[in-house]
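Here is the structure we will look at, set down as structure tokens.
All of the numbers you see were taken from the coordinates with simple rules; none came from a lab. Fair warning: this is a prediction, and the values are worked out from it, not measured in the lab. As a convention, Cβ positions derive from the backbone with ideal geometry for all residues, glycine included, and neighbour counts pool all protein chains shown.
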Amino acid sequence: SVKIAIVGAGSGYMPGVIRGLLHRAGDLAGAELAFHDVDAGHLGLMTRLATAMFSARGAGFTVTAHTELKPALDGASYVFTTFRPGGMAARHLDESIPLRHGVVGQETAGPGGFLMACRSVPVLLEIADLADPGAWIVNYTNPTNIVTDAVLRHRPGTRVIGLCDQHVGDTEMWAELLGLPFDGLEADWIGLNHATWAERVRLHGEPLDLPARLADLEIPGGGATPWRDPSRMAELAKALGFLPNSYAKYYFFHDEVVEELRAKGTTRAQDIMAMLPAYYESVAAEAAKPDPDPSRERGGGEHGEFAVDVICALHRDEGRRVIVNTRNNGAVSSLDDDAVVEVPAVVGRGGPVPLTMGPLPAPVRGLTQAIHAYERLAADAAATGDRRTALQALMAHPFIRGKHTAERILDEGLAAHRAHLPQF
Ligand code: G6P
């Protein structure tokens, strides 16, 4: 039977992963799930929840819990990584330090994501060293593209695939904006994680005339959620003539977002920290009395299901078409062959095979190439701890104008996160 290690199993996203596993219980029958977290309390809670849910639904999984990496990884064919070193307190620093210097911090796409990469990458490299040869690392740890690139180039031969379910929710938002059913809608999102673009959209396999539909689109009023900003996305898509990823907001409305974040006064990390105690209490209640009815939880069903589906696609050699982060190999002709790109790929036992997608749309080609240049430097800085490379990464970041701003964010960020940065 197969062993799947889950690193970061105390995460608030775990209830969604547990539901994802339940969904595919038949396909993964008999699997051992080795939960790992450095937070023994949250690890224990999620282990109780999983055990209760699996027994309530008669799923044939065994669950083991570990605070040490090695026993969790030993013998695992799949290592699902979904941790955040330093937790939400560290995310608050990622989001707030750049903002002090007039830059959106953003825990993935921004310089906040650079600081997170510096914490995440050493742990991923350690996992690559400790995992069984041939094991697949299925990575959700952010920033997923930088982390995946660092593992591929600094631990050559490691099998790693980077995940993000952003495109699922984005496609859902576009279905609503364009008045189309979500079911049967398929978009070719291509580019880099959180910097993807879709020129080709199909409904039940039939290509849509996107420029015409966008020309007719009325920009809706209404505010943004933490993840989506339909009004700005519609405005942007009308200008571009194709669909942008929701994170495009930070590139094309950067200065307005700085003002909004300053006016708001709290970071997203602080907002989440305020709700987590009640959330974990509700998880504890559910562990005591499992609810067989799949409801929404943090991360929702799609997040967990997406990851489990990718593991199944690898394990069962399904040849399923999924959007993943993997080596380009020519799929996106505007980016280097060895770049880690986000692209539709066919996933089977041999791993993801990216589908040929052609060039990036002209209006965002240069931007996406600039983001790639930043990401590459960020991956190298995070893997090696070279301070000059780290400074170059932030100087190359599209949000940051000026060496001194880059320097201040770097100095303050490295100092604030010292406990999690063994490489610097
Ligand atoms: C989306 C992104 C993820 C990100 C998450 C943050 O799902 O694709 O990369 O981590 O949002 O959500 P949160 O609720 O933690 O702000």
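How much space per residue, in cubic angstrom, does the convex hull of the C-alpha atoms of the stretch 305-424 take up?
Expressed per residue, the convex hull around the Cα atoms of the stretch 305-424 is 140 Å³.
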Rg/Rh for the stretch 1-129: what does it come to with C-alpha atoms and Rh from Kirkwood?
1.05
Pop a pseudo-label 7 angstrom from the Cα along the beta-carbon direction at both Glu206 and Arg100 and give the gap in nm to one decimal.
5.7
When N counts the residues of the stretch 179-305, how does its alpha-carbon radius of gyration compare numerically with 2.2 N^0.38 Å, as a ratio?
1.33
Return the calculated 222 nm mean residue ellipticity for the chain, to the nearest 500 deg cm²/dmol, obtained by summing -39500 (n - 2.57) across DSSP H runs with n ≥ 4 and dividing by the residue count.
-15500 deg cm²/dmol
Would you mind checking which residues have amide H under 5 Å from Thr81's amide H? H placed 1.01 Å from N; only 5 or more apart, or other chain.
Val7, Val138, Asn139, Tyr140, Thr141
Once you have the Cα-Cα distance between Asn329 and Glu407, take 0.36 nm times their residue separation minus that, and quote the gain in nm to one decimal.
24.7 nm
From Cα coordinates alone, what are the radius of gyration and Dmax values for the chain in angstrom?
20.7, 59
Sequence gap at least 6, Cα distance under 8 Å: using those rules, report the relative contact order of the chain to the nearest whole percent.
20
If you average 1/r across every pair of different Cα atoms in the stretch 81-202 and take the reciprocal, what Kirkwood value do you get, in Å?
16.0
List the residues, sorted by chain then number, that are 5 or more residues from Val160 or on another chain and whose placed amide H is less than 5 Å from its amide H.
Ile137
Using θ = phi - 60° and the Karplus form 6.51 cos²θ - 1.76 cosθ + 1.60, what ³J(HN,Hα) does each residue of the stretch 412-424 get, whole Hz, x for Gly and Pro?
5, x, 5, 5, 5, 9, 3, 4, 10, 10, x, 7, 9
Give me the distance in nm between label points sitting 7 Å out from Cα along the Cα-to-Cβ direction at Arg320 and Val2, one decimal.
1.0
For Val324, which sequence-distant residues (separation of 5 or more, or a different chain) have an amide H within less than 5 Å of its own amide H, given hydrogens modelled in the peptide plane?
Val343, Ala345
Per-residue HN-Hα couplings for the stretch 381-390 [Karplus 6.51, -1.76, 1.60; θ = phi - 60°; Hz; x = Gly/Pro]
4, 5, 7, 9, x, 7, 5, 5, 4, 4
